[in-house]
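Chemist: I am attaching a structure below and will ask some questions about it afterwards.
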Amino acid sequence: MLRISDLRTREVVNILDGKRLGVVDDVEIDLAAGRITAVVVPGGGRLLGLFGKNDEFVIPWEKIRRIGVDTILVEIEGVNDGRTHRRGGR
């Protein structure tokens with residue numbers, strides 16, 4: 001069994017290019033269906049985090065390929081060219 005709090009300790013790695021995207025910061029849940037729809041990874045801070053967050057990566061659940069003890073492997077295209085779904089900071 002896996003708890004949502006367990007996801008927050010895991011590093012997210014894109015298997016297409018081996019890049020580390022960060023650690024899960026949040027999850028999106030479909031309350032009507034009772035399931036997780038996406039994990040959210042912060043995009044990092046501006047100027048060493050002093051002036052707020054940049055965009056966040058929203059990674060759809062179906063793009064997760066494996067959840068390991070320390071790492072979540074995802075398969076997403078367009079991380080470096082802006083095609084990955086991102087949303088503004090909170």
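Here, each number is a calculation from the coordinates, and none is a lab measurement. Since we're looking at a predicted model, the values are computed, not measured.
Chemist: Name the residues whose placed amide hydrogens come within less than 5 Å of the amide hydrogen of Leu21, ignoring near sequence neighbours (fewer than 5 apart) on the same chain.
Modeler: Distant-sequence amide H within range of Leu21: Val12, Val13, Asn14.
Chemist: Which residues' amide hydrogens lie under 5 Å from the amide hydrogen of Val27, considering only partners 5 or more residues apart or on another chain, with H built in the peptide plane?
Modeler: Val40
Chemist: Show me, for segment 19-25, the HN-Hα J-couplings you get by feeding each phi into the Karplus relation (A = 6.51, B = -1.76, C = 1.60, θ = phi - 60°), rounded to Hz, glycine and proline as x.
Modeler: Computed from phi, the couplings for segment 19-25 are 6, 7, 8, x, 10, 4, 9 Hz.
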